[in-house]
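First the structure, in the form of structure tokens, and then the observations on it.
The values are calculated or read from the model by the stated rules, or taken from the named source; none is laboratory data. Keep in mind that what you see is a predicted model, and the values were worked out from it rather than measured. Ideal geometry is used to build each Cβ from the backbone, glycine not excepted, and the neighbour counts take in all protein chains shown. Remember, those area values only see protein heavy atoms, side chains included, never the ligands or the DNA or RNA. Shrake-Rupley method; radii C 1.70, N 1.55, O 1.52, S 1.80 Å.
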Amino acid sequence: MNQVDKRSGNFTFVRETIETKIGRITYLLGIPQLPHRKGPLLLLNVAMGRERTLQEQPFSLISEHLLAQGHYALSLDLPCHGDWTNSCGEGITGIAGMVEAGDDPFTAFTEVAQDVLSHALQGHASDCQNNVLACGTSRGAYFALRLTAADQRISRIAAMAPVTDWRFLKEFASIQTRDDVAELTLSRMIPQLLGRSVFMTIGYADARVSTASCAGFYAQLHEQNRLAGHEEAEVTLYISEDEGHQLDDKWYRKGAEFLLGQTL
């Protein structure tokens, strides 16, 4: 199903509904009016629900930057957000409830997102030719990094104030000592992320998702890339002056520039 949703001077939003392993999923795709003449890129952006992610700042800032330059951008709902609902609750509370119940929302999202990317690349975004980027904010950054680890089509990712270990989140307090929760740490994904370029930024004292956890993940990823000889991989972490779990808009602009391979 194809439904035109919104037009601007530079791009059109289209909703597409497809069949996936978990049933029918709708994603939102931004199509540039004038695709980049040297070859457009496809950005997958995840933060919360698809509508907020592509149409509400600051979540939409990176997408807006790329769309304005003739690239494509898409988003889909995270588990327990938007249309992807279940009996475990909404938001991070729902994600924690799924994990507590023995479900795996992270693998489910990865599989669905790969189906969505394939559909877009075979349809409206076919001229992107598997040139895929990813970005995400907070919980969405975790899901985007997990997807990047699983999908070789994604070459560069910008992770904004990312969750890197769910044990630091208050919603996981009742299950934080469980082995299966410990295994969700992004450090376990590092072997699959080697060779990919990763931009991360987080506030200097982000108690919501843990600045220390993010810095530790960065240090491990950077060192393992070095040891493996992946000189092509850019792995960057900025600790910002921002208070709490938020980032100034300039960091989203830097993330967009990084994705486009521009000098920071």
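Miscellaneous remarks
- Qualifying positions in the range 255-264 - open to solvent by less than 60 Å² (accessible area, probe 1.4 Å) and of a type outside the set (A, V, I, L, M, F, W, C): Gly255, Glu257, Gly261
- Each residue in the range 116-137 was checked for being in contact (Cβ under 8 Å) with a residue 60 or more places away in the chain, part of a helix (DSSP H, G or I) and not small (Gly, Ala, Ser), and 6 of them qualify.
- Residue check: Phe11 meets all listed conditions (1) buried (at least 21 other Cβ atoms within 10 Å of the Cβ); (2) at pLDDT 95 or above but one, namely (2).
- Candidate set: the range 30-67, residues that are small (Gly, Ala, Ser) and at pLDDT 95 or above; chosen: the one nearest to Asn10 (Cα to Cα): Gly30
- Of all residue pairs spaced 6 or more apart or on separate chains, those with beta-carbon atoms under 6 Å, a first member in the range 40-59 that is under 15 Å from Met160 (Cα atoms) and of a type in the set (A, V, I, L, M) and a second member that is part of a loop (DSSP other than H, G, I, E, B) and open to solvent by 10 Å² or more (accessible area, probe 1.4 Å) are Ala47/Phe59.
- Wholly enclosed helices (runs of 4 or more DSSP H) of the range 148-252 bearing at least 2 residues without any contact (Cβ under 8 Å) to a residue 60 or more places away in the chain, open to solvent by 20 Å² or more (accessible area, probe 1.4 Å) and small (Gly, Ala, Ser): 211-227
- So Ile92, is it surrounded by fewer than 22 Cβ atoms within 10 Å (Cβ to Cβ) and over 22 Å from Val116 (Cα atoms): yes
- Top-ranked residue of the range 99-115 - restricted to ones that are farther than 16 Å from Met48 by Cα and of a type outside the set (S, T, N, Q), ranked as least open to solvent (accessible area, probe 1.4 Å): Val99
- Put simply, of Ala219, Ala228, Ala233 the only residue that is at pLDDT below 95, over 16 Å from Arg139 (Cα atoms) and not charged (D, E, K, R) is Ala233.
- Tally, over the range 68-80, of residues that are under 17 Å from Ala144 (Cα atoms) and surrounded by fewer than 24 Cβ atoms within 10 Å (Cβ to Cβ): 3
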